[in-house]
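Accompanying notes for the structure given below.
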Amino acid sequence: MHPARSVIIFTTLSGLGFGLLVWLGLGMPSPKGLVAFVFFTIAYLLAAGGLVASTFHLGHPERALRAFTQWRTSWLSREAVISVATLLVMAAYGAGLVFWDTRIVWLGWLGAALSLATVLATSMIYAQLKTVPRWNHWTTPALFLALSVAGGALLAGQLRFALPLLAVAGGVQVVAWMTGDKRFRGRGTSVATATGLGGMGDIRAFEPPHTGTNYLMREMVHVIGRKHASRLRMLSLLLGYGLPIALMMLPFNHWLALLAVIAHITGVFASRWLFFAEAEHVVGLYYGRK
Amino acid sequence: MASPEPVVDTSPHVSDEVRKTTCYMCACRCGINVHLKEDADGQKRVAYIEGNRDHPVNKGVLCAKGSAGIMQVNAPSRLRAPLRRVGPRGSGEFVEISWDEALKTATEWLAPLREKAPEKLAFFTGRDQSQSFTSLWAQAFGTPNYAAHGGFCSVNMAAAGIYTMGGAFWEFGQPDWDHAKLFLLFGVAEDHDSNPIKMGIGKLKKRGAKVVGINPIRTGYNAVADDWYGITPGTDGLLILSLIHCLMKAGRVDLPYLAQFTNASCIVNEDPSSPQHGLLLRDEQGKPQVVDGRTGRLAAWDAAGVEPDLGATYRHGGVTHRPVFHLMADRYLDPAYAPEAVAERTGISADRIRQLAAEIARAAFDTPLEIDRPWIDFRGKTHDKMIGRPVAMHAMRGISAHSNGFQTARALHTLQILIGAVETPGGMRFKPPYPKPSTAHPKPHCKVTPGHPLNGPHLGYPQGPEDLCLSDTGGPARIDKAFSWENPLSAHGLMHMVISNAHAGDPYRIDTLFLYMANMSWNSSMNTSGTMKMLTDTDPVSGDYVIPRIIYSDAYSSEMVAYADLILPDTTYLERHDCISLLDRPICEADAAADAIRWPVIEPDRDVRGFQSVLCDLGGRLGLPGFVAEDGSAKYADYADYITNHIRRPGIGPLAGWRKDKDGKDQSGRGTANPDQLRRYIDNGGFWSEHVPDGAAYYKPFNRAYQDWAVKLGFYDSPQPYIFQLYSEPLRRFQMAGQGKGTHLPPDHLAERLASTMDPLPIWYPPFEDSSVDTRDFPIHALTQRPMAMYHSWGSQNAWLRQIHGMNPLYVSSRIWNDKGFSDGDWARVTSAHGEITVPAVEMAALNDHTVWTWNAIGKRRGAWALDPAAPEATKGFLLNHLIHELLPPKGDGMRWTNSDPITGQAAWFDLRVRIERCDPPAASQPAHAPIQSPVPAAPKSLRWKVGK
Amino acid sequence: MTALPPTTDRKLGLVIDLDTCVGCHACVVACKGWNTENYGAPLSDQDAYGGAPSGTFLNRVHSYEVRPTTGTAKLVHFPKSCLHCDDAPCVTVCPTGASYKRSADGIVLVNEDACIGCGLCAWACPYGAREMDADAGVMKKCTLCVDRIYNENLPEVDREPACVRTCPAGARHFGDFADPDSNVSRLTEERGGFDLMPELGTKPVNKYLPPRERDRSEDIDILAPYLEPVTEDANGFLGWLERTLSKLPGGR
Ligand SMILES: Nc1nc2c(c(=O)[nH]1)N[C@H]1C(S)=C(S)[C@@H](COP(=O)(O)OP(=O)(O)OC[C@H]3O[C@@H](n4cnc5c(=O)[nH]c(N)nc54)[C@H](O)[C@@H]3O)O[C@H]1N2
Ligand SMILES: Nc1nc2c(c(=O)[nH]1)N[C@H]1C(S)=C(S)[C@@H](COP(=O)(O)OP(=O)(O)OC[C@H]3O[C@@H](n4cnc5c(=O)[nH]c(N)nc54)[C@H](O)[C@@H]3O)O[C@H]1N2
Ligand code: SF4
Ligand code: SF4
Ligand code: SF4
Ligand code: SF4
Ligand code: SF4
Ligand SMILES: [Mo]
């Protein structure tokens, strides 16, 4: 799949933002006043900023409100609805903390649950797609959720949780890559089933329908070199998981924490880039690609 | 709970008006419905084009090019006004001028030539369909140097068909799609009969008939063929003669048909001492003789009641004279034609050759087709049924664009005739006004009288050496050397030699080259880079261009435009009158005579004029007989006027529909001009057609009912029955000249070639390139094919079509691919005896092992066609033409033969031999020529073409 | 709207005959022409005369080379447009309800006024049947020519999709698969029409007919009698000729 910048930014940042909201909702930490304001601002900038970024790739952002209507069937619609609900709930909760020094515990819990649900909805947009076998698997929501809560914990300064959660996320990441690499083949979809010509012999795409490119090829038939990918994977593991864990094991220091956060975000960006770039859409079969 | 579905307007307004005319995106000439809608500015614009269901050619269907016509009519490459060259030739620098200036200039250039030396004008036209008109103009001008494009296209096919049986494929004939059980397709990628072939294949498939493709490349029609024979290029003749061998050996030939309807039963003069040796025995009236089975005596072939005997010989003066059929047995039963003997050369195993022969035998003779329809032949014999041999064949450039193409095409027709599958149910059927044997066509004319018309039509069918177009010294009279000893039967001229000969001043220099719709500095020339040099070359002494003046008519900014001095911009096909005439290359079907028109369904928005109308105007200005009225003014206001009012022979005009009888009533075929004729065509959907009567549907050359109907419609003035010429006397006459017999003798250096190639019975010889280059050095055959969704060079300016074919890789057989160590993304350096190109390569398995190929004419010169210089057509596309020379490499005696068939002069595009090696991708395909300046403004970036709101 | 109708009254769709398709792209361009002028936004083209032209098409023709384990390689032309799936994932993913499947005839459509151009439906479609128009910013797809097949402004014979009407080889057939007697149902039945990527559970309505077996080398024993020699050389041939001519009706 084409690794669209807006989508990578959106999923990465909003995942972090909602992850932070989870911890804030749980009261870990439970800041008040100006500190609370700063925390919530960061969370909202990330979560809402991501949401805004996601509208960049829409053909008609002005019609975005319509996306709230189909929550019964569409994960994308659910994501819209839940994310807005989350932001509203957490706004009320945050206002309590910032302005009234009050923590409405049940509201925080509700907000945390909604935050998780938002991330789950986001991940399900990808995980539901049978057309992209690499995504169409429990590891997709697991990874999104793990990264969100781990990154959130890191931002929230919950190092106790952040450390194991990052390790878990790293583990899920590795499983996602390892199983993902085999999944396309495992699903049995091939140029033979795509064309129905399997019985006749070995099939090779000969002439494409157009000598130029088209929307489908740009959007879904993206190929990256294997070498390039494995290097990026190492980088992502190192920055996203390894380095933050290592830094957290050192005695606490604000600069180190900041470094850990930056490394983590960079690593997650790389992971997310790979999430898209490595995803093989079945339509590629028609174009002689996988 | 589902919300209600949106309401969709399922009956939107389709268009304001439908105008029916004829497509021009290729020479198939389908009927189209042009839907017009009013635009925001109140102008009627083309909104959509679809096929006309009532039209005899396409019956509603339309190909990709036809449907994309809307993008042709709005192409930014359309020329906008007449142009005068201001930069050097080839630069593309022009100024726009008025029509008045343009026509004055042309007249000033041409008038003195006509007065002094009309042959100094060479007027050649491309693939247009107004040859009966353009040739009339050239004839009136008085130059012998006129032809259309057929010489580089497919004259082998056309001439072999006419000489053998009075018609060939496409415009002359078609398979009997409704009855054939076996269909053999030789060397066709697309052809002119584009939609009918597809419709026909669809019909065959529906009926479960078998389709066989004989072609080195398996794409398109050959991909859907049930059986594919990936033949080695240039060897079809050998394969066909081997099939003939097998069928004769098994007695699977149609004896009654051969005896009655072919010259197999005619007696050949076998007396070596006779001056007529090798010609048919004739009576005092000059009629070929057969032995009448009733009497055992000689009789004229067409005498009433005669029953020609295929077996009987005639002994006279101590010599036994045998019928043609015996000579054929002698020749084709020779073991040299056994499958085993030809397998290696053709690349087809002996078993598979036998299999094909057996399938032909089975389809033709096991289950003959009988239609209960009595008919009477020209000898007066009544046949109670029409018996068919349901084996249909079709062939085109794959066999004809070789230097052995004429004889190969003759071999193919011989095969068809041997099994009785021409003009019989299930076989091949002629389209009126064909069949028409070579003797019913004019002979070529070349006599120049300054200030006067030529002594007759330029092109025709010579019957012997005395009909050649030679100068007083015996050299070629025409600039293209057509109808000379080099290519005696060049019925369509040799357009591909005009520039080269004019540049060499051989046989003489010309002054003005006048071209019409042929991209001669690019895809329609061999040796493209060389041609560009010839067009720009200057005389070292005078500094003038060697070809002093070039006038060109194109509708678009093609590569050729840059090489002209004066441009006469044409309209597009929806903006002008045209006439697809029975006098020319009509649109008839086997069951109907038909002709058609184009008419301005939209008005041009530029200062352009229909070229034919411009010729009418020029004819008037030059005072050409036939083009001036009695008062000295132009006789025809425009082409529409000509179409309506021109009279070719009494009662015969360009269009056959809605003429007038003497009472002023409508009449088809013959009649006086009808001022309302074009209106009647328009009301009828742009065409006229008249059904062939049922009893006349088959056996047309021999069938009285057909002959009478043809006379009624004005195809001939009296019945002209004839029999098929398996044995060709015109060829024999040239062969004799080559053998030094007779009074008209060729120059020595051509004698041997004439003697060996002009065989009166079909033969096969290797393509000339095989013997003039070292085939170990150049082991690979290189071919081109037409893409179905592109028309030569003009498809590339079409925003929709160019997305389908924006570049053309070289397809390399898996065998060569692996041998040479290619892998995906590699490019290939391709070298011929003449040149080198570097181009992108792609592997292909369904391809003859020793062959590479590419799509034709996709490659473009930078700067042409209003395309961006970075267009893939220019950076990755390429022409194979750079590798093909118009002359073969020098022979021992230093002479260079043209790269053409020795009989007809047909350009031998597909003889090309190359070698290839892999290489890394260069920046762009090579050779890359400098960009030309565009004479039209830059194209828009994007399109969203919707006419209605 | 993103809920799929449990059943549809009719199941309109296409049968595409891979045995007959010659790969001419006529259907591609007829579709482009009709749909540029009709339903919704025009199908636009970017860089139309430039270095990387790219436009919206609703129907595209691929070609595949097939190499059997033994015997010659084959080529198959392969047209592809929306298959109007019964279980259309493109519909259920749509967040706005713009994508829907009509309950009356099963046609899958995009209501362009409601489409936000998120592209998710194109991701969900396994067949590459949806393309986002770069100019209009909305999702385009084959409409099964819903604005032709019921169009009362068209003569009745023309109420079929533009691609079907134009196909010169007659390789495309339009009809109602819910009716077992329809042309499309019968063709599918007789010729073994199949689904593309059945394993993905989309239940396409459109069916493909397989190419007939090619290059069957028939048993030489069956064919041999047709070439049974009557002679070995020209002399023998003349003897045979003599005998045969005398046996012919009206013979000597
Ligand atoms: N390598 C290779 N070369 C080949 C062939 C091959 O098989 N292989 N085939 C050969 C054959 S058979 C042919 S016929 C030639 C074809 O080659 P060309 O005859 O050169 O064909 P086109 O490229 O169509 O060029 C015709 C010109 O007509 C112009 N034109 C289009 N419409 C109009 C119009 O309405 N009015 C006017 N006045 N001009 C118009 C176009 O802009 C173009 O410049 O190519 C030959 N060249
Ligand atoms: N779409 C489209 N249609 C066109 C045209 C176009 O440009 N585009 N051009 C028109 C014109 S001007 C012409 S002349 C016709 C030509 O129409 P075709 O005769 O179909 O011409 P080509 O495309 O040159 O195809 C020649 C075929 O012969 C095969 N071939 C080459 N050498 C041999 C051989 O030795 N033996 C055999 N058996 N096959 C061989 C090639 O593989 C190829 O398939 O098409 C006309 N129709
Ligand atoms: S075959 Fe195509 S391009 Fe040729 S006349 Fe017919 S519709 Fe036009
Ligand atoms: S129009 Fe018909 S034959 Fe041509 S590509 Fe489309 S389906 Fe195939
Ligand atoms: S083919 Fe694709 S776009 Fe069409 S209904 Fe099926 S999934 Fe949807
Ligand atoms: S692009 Fe349009 S039709 Fe497709 S899912 Fe998004 S809103 Fe729905
Ligand atoms: S049915 Fe209509 S919209 Fe669909 S592919 Fe055919 S022409 Fe295009
Ligand atoms: Mo041609």
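Derivation of every value follows stated rules applied to the coordinates shown; laboratory data play no part. The structure presented is a predicted model; accordingly, all values stated were derived computationally and were not measured. For neighbour counting, all protein chains shown are included, and Cβ atoms are generated from backbone atoms with ideal geometry for every residue, glycine included.
Quick rundown of the values:
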{"quantity": "Beta bridges per DSSP with both ends in chain B, % antiparallel, nearest 5", "calculated": "65"}
{"quantity": "CD proxy at 222 nm, helix term only [per DSSP H run n ≥ 4: -39500 (n - 2.57); per residue of chain C; nearest 500]", "calculated": "-5500 deg cm²/dmol"}
{"quantity": "Cα shape, the range C:12-209, gyration tensor, a/c 1.5 rule", "calculated": "rounded"}
{"quantity": "Folded to 0 to 90 degrees: helix A:33-56 orientation relative to chain A principal axis, Cα", "calculated": "20"}
{"quantity": "J(HN,Hα) series, the range B:679-689, from Karplus relation 6.51 cos²θ - 1.76 cosθ + 1.60, nearest Hz, glycine and proline x", "calculated": "4, 5, 4, 4, 5, 8, x, x, 9, 10, 8"}
{"quantity": "Sites matching chymotrypsin sites (Phe, Trp or Tyr not before Pro) across the range B:711-804 that sit in DSSP coil, with at most 13 neighbouring C-beta atoms within 10 Å", "calculated": "B:Tyr716"}
{"quantity": "Between the range C:7-60 and the range B:531-555, the Cα center-to-center distance that results, in Å", "calculated": "45"}
{"quantity": "Taking the range C:12-209 and dividing mean pair separation by its residue count, relative contact order in percent (alpha carbons under 8 Å, at least six apart)", "calculated": "29"}
{"quantity": "Karplus-derived 3J(HN,Hα), 6.51/-1.76/1.60, for each residue of the range A:12-17, Hz, glycine and proline x", "calculated": "5, 5, 5, x, 5, x"}
{"quantity": "FRET E, pair A:Phe99, A:Arg5, Förster distance 51 Å, beta-carbon r, rounded to 0.05", "calculated": "0.90"}
{"quantity": "On Cα atoms only, tilt of B:704-713 relative to the major axis of chain B in degrees", "calculated": "30"}
{"quantity": "The range B:835-923: trypsin sites (Lys or Arg not before Pro) in DSSP loop, at most 15 other beta carbons within 10 Å", "calculated": "B:Lys891, B:Arg896"}
{"quantity": "Alpha-carbon centroid distance for the pair the range A:89-119 / the range B:799-815, whole angstrom", "calculated": "60"}
{"quantity": "Per-residue [θ]222 nm for chain A (sum of -39500 (n - 2.57) over DSSP H runs n ≥ 4, rounded to 500)", "calculated": "-22500 deg cm²/dmol"}
{"quantity": "For the range C:12-209: lysine pairs under 28 Å (alpha-carbon distance), excluding those fewer than 8 apart on one chain", "calculated": "20"}
{"quantity": "Within chain B, helix-based [θ] at 222 nm, where runs of 4 or more DSSP H residues each add -39,500 (n - 2.57), nearest 500", "calculated": "-7000 deg cm²/dmol"}
{"quantity": "Chain A: relative contact order in percent, alpha carbon pairs under 8 Å with at least 6 residues between", "calculated": "24"}
{"quantity": "Inter-label distance for C:Asn153 and B:Glu96, nm, one decimal - labels placed 7 Å from Cα along Cα-to-Cβ", "calculated": "3.5"}
{"quantity": "Per-residue Cβ neighbour rank within 10 angstrom, fewest leading, B:Cys246, C:Cys118", "calculated": "B:Cys246, C:Cys118"}
{"quantity": "Mean separation of Cα contacts under 8 Å (6+ apart) over length of chain B, as relative contact order %", "calculated": "17"}
{"quantity": "Beta bridges by DSSP in the protein assembly as shown, antiparallel share as percent, to the nearest 5", "calculated": "70"}
{"quantity": "Tilt relative to chain C, helix C:26-37 - C-alpha long axis, 0 to 90 degrees, to 10", "calculated": "20"}
{"quantity": "All aspartates and glutamates inside 15 Å of B:Lys443 as judged from Cα atoms, apart from same-chain residues fewer than 8 positions distant", "calculated": "B:Glu466, B:Asp467"}
{"quantity": "Between the range B:344-365 and the range C:63-77, the alpha-carbon center distance in angstrom", "calculated": "22"}
{"quantity": "Potential lengthening between B:Asn455 and B:Asp366 on full extension [0.36 nm per residue; Cα-Cα distance subtracted]", "calculated": "26.7 nm"}
{"quantity": "From phi via Karplus (6.51, -1.76, 1.60), per-residue ³J(HN,Hα) for the range B:540-555 in Hz, x at Gly/Pro", "calculated": "x, 7, 7, x, 6, 5, 4, 9, x, 9, 10, 10, 9, 10, 9, 9"}
{"quantity": "Restraint check, B:Lys181/B:Lys385; B:Lys203/B:Lys860; B:Lys20/B:Lys436, Cα-Cα greater than 29 Å", "calculated": "B:Lys203/B:Lys860; B:Lys20/B:Lys436"}
{"quantity": "In the range C:166-252, GluC sites (Glu not before Pro) in a DSSP loop with at most 13 other beta-carbon atoms within 10 Å", "calculated": "C:Glu213, C:Glu218, C:Glu232"}
{"quantity": "Two-site label geometry, A:Arg185 and A:Val35: point separation in nm, points 7 Å out along Cα→Cβ", "calculated": "5.4"}
{"quantity": "Cα-projected label distance for B:Thr295 with B:His13, points at 7 Å along beta-carbon direction, nm", "calculated": "7.9"}
